[in-house]
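The structure under discussion appears below in the form of C-alpha cells.
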Amino acid sequence: MADAKPKIAVVLSGCGVFDGAEIHESVLTLLALDRHGANYQCYAPNIDQAHVVNHLSGEETAETRNVLVESARIARGDIKELKDFDAGSVDAVIFPGGYGAAKNLCTFAFDGPECSVNADVERVVRDMAAAKKPIGALCISPALIARILDGAQVTIGQDAKTAEAIEKMGGMHKPTRQGEIVVDTDRGLVTTPCYMLDSTIGQIAEGAENTVKAVLDLIKEGRVAA
C-alpha cells in the first residue's frame, strides 16, 4: 500500500504584503506542496489585523479587517481557525511571510526584538517543536520563530538590522541569497529569505520550492537529530 501523503499546515496572516500574508509566497508554497504530493490545510488566527494598508498608495486606511477572513481569500475559503490547530494531526507547519507575520502573528514590525507573539501562534510553534515535527518559515517569518525557539538558526537574507534583531532574541542568523535555504536540523527548522531580498517571482518560487522539499525530506528522515 502506498504511503499516506504528508499533511502540512500553512499559517497565513491576512492577504497582502503590507498588512497580511505575502500572496506570491503563500500561493507558491501551496503549489510546491501540491506538486510534491503533500496535502495542506490553511490556518489563521481569528483576530483583527494590526491595521489595514492601501496596497496602491501604501497608506494606512481607517478600516478594520479580520486576519482569518482575509486569509480565506488566499485559501479559497478552505481555512481553519488557528485555535483549533492540533500538532498531532499534521506532519509539518509552514509560515509564509509578508508584513502580516510581523504585525498580526507577532509585533516584530513594531517592537523589534522586544516583540510579543500571538498566543495561538506560539502554541503552534512550541507544540510542533515538542513533537519534533518540521517548521518552515519564509521571508520575515523566521524572525517570529527566533522569538519563540531560543537558539534557532535562521535566515532572512542579508538585512543587517533584522539579522541583529534576530540575534538579540537569541537566534542565530546566516546570510543567504535568493532561493537559498538554511536548515537547522536540531530544531527541524527550514527558512528562506524570499522578498526580504530584491527578488523576482521566479526566485520566490525557487525559495518556496526548496523550503517545501527540505521540510518533506525532514519528515521522511524523522525530522531532527537525536
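Throughout, read-outs are computed from the coordinates displayed, never taken from laboratory work. Since the model is a prediction, treat every value here as computed from it, not as a measurement. No Cβ is skipped: glycine too gets one built from the backbone with ideal geometry, and neighbour counts run over all protein chains shown.
Pairwise over distinct Cα atoms, reciprocal of the mean inverse distance: report the Kirkwood radius of the range 91-207 in Å, one decimal place.
Working: mean 1/r = 0.0732 Å⁻¹.
Radius from the Kirkwood sum: 13.7 Å.
Say each of Asp78 and Lys5 gets a label point 7 Å from the Cα, pointing the same way as Cα to Cβ; how far apart are those two points in nm?
Using points 7 Å along Cα→Cβ, the separation is 0.8 nm.
When you have a sec, figure out the Kirkwood radius of the range 128-177 from all distinct Cα pair distances and drop it here in Å to one decimal?
Numbers: mean 1/r = 0.0922 Å⁻¹.
Mean inverse Cα-Cα distance, inverted, gives 10.9 Å.
Quick check: net charge around Leu33, other residues with Cβ under 12 Å of its Cβ, Lys/Arg +1 and Asp/Glu -1?
On the way: positive: Lys5, Lys7, Arg35, Lys213; negative: Asp34, Asp91, Glu209.
Net charge around Leu33: +1.
Could you pull out every residue, at least 5 positions away or on a different chain, whose amide H is within less than 5 Å of the one on Gly157? Hs are placed 1.01 Å off N in the peptide plane, and Pro or chain starts have none.
Result for Gly157 returns Thr176.
May I ask for the distance between the Cα centers of the range 139-195 and the range 99-126, given as a whole number of Å?
Cα centroid to Cα centroid, the span is 14 Å.
With a 10 Å Cβ neighbour count serving as the proxy for reagent exposure, in which order, fewest first, do Thr107, Thr61, Thr192, Thr211 appear? Can you show the working numbers first?
Numbers: Thr107 18, Thr61 12, Thr192 33, Thr211 28.
Listing Thr107, Thr61, Thr192, Thr211 from fewest to most nearby Cβ atoms yields Thr61, Thr107, Thr211, Thr192.
My understanding is that a pair violates if its Cα-Cα distance is over 30 Å; which of Lys80/Lys220; Lys7/Lys161; Lys132/Lys174; Lys5/Lys174; Lys80/Lys168 do that in this structure? Intermediate results must be reported in sequence, preceding the final value.
Working: Lys80/Lys220 26 Å; Lys7/Lys161 35 Å; Lys132/Lys174 22 Å; Lys5/Lys174 32 Å; Lys80/Lys168 33 Å.
The pairs that break the limit, which is 30 Å between Cα atoms, are Lys7/Lys161; Lys5/Lys174; Lys80/Lys168.
Could you give the size of the charge dipole of the chain about its Cα centre, using +1 on the Cβ of each K and R and -1 on the Cβ of each D and E, expressed in debye and rounded to the nearest 20?
Numbers: 22 positive and 32 negative charges, 114 e Å.
For the chain, the charge dipole is close to 540 debye.
Could I have the simple spin-label model distance between Lys174 and His51, label points 7 Å from Cα toward Cβ, reported in nm to one decimal?
With each label point 7 Å from Cα toward Cβ, the separation is 3.6 nm.
Could you give the alpha-carbon Rg of the chain over 2.2 N^0.38 Å, rounded to two decimals?
Details: Rg = 15.8 Å, N = 226, 2.2 N^0.38 = 17.3 Å.
Taking the Cα Rg and dividing by 2.2 N^0.38 Å, one obtains 0.92.
Provide the gained length on full extension for the span Ile201 to Glu60, in nm with one decimal, where the gain is 0.36 nm per separating residue minus the Cα-Cα distance.
Working: separation 141, 0.36 × 141 = 50.76 nm, distance 2.55 nm.
Taking Ile201 through Glu60 to full extension adds about 48.2 nm, to one decimal.
Could you check the spin-label model distance between Ala160 and Arg126? Points 7 Å from the Cα along Cα→Cβ, value in nm.
Output for this residue pair reads 3.6 nm.
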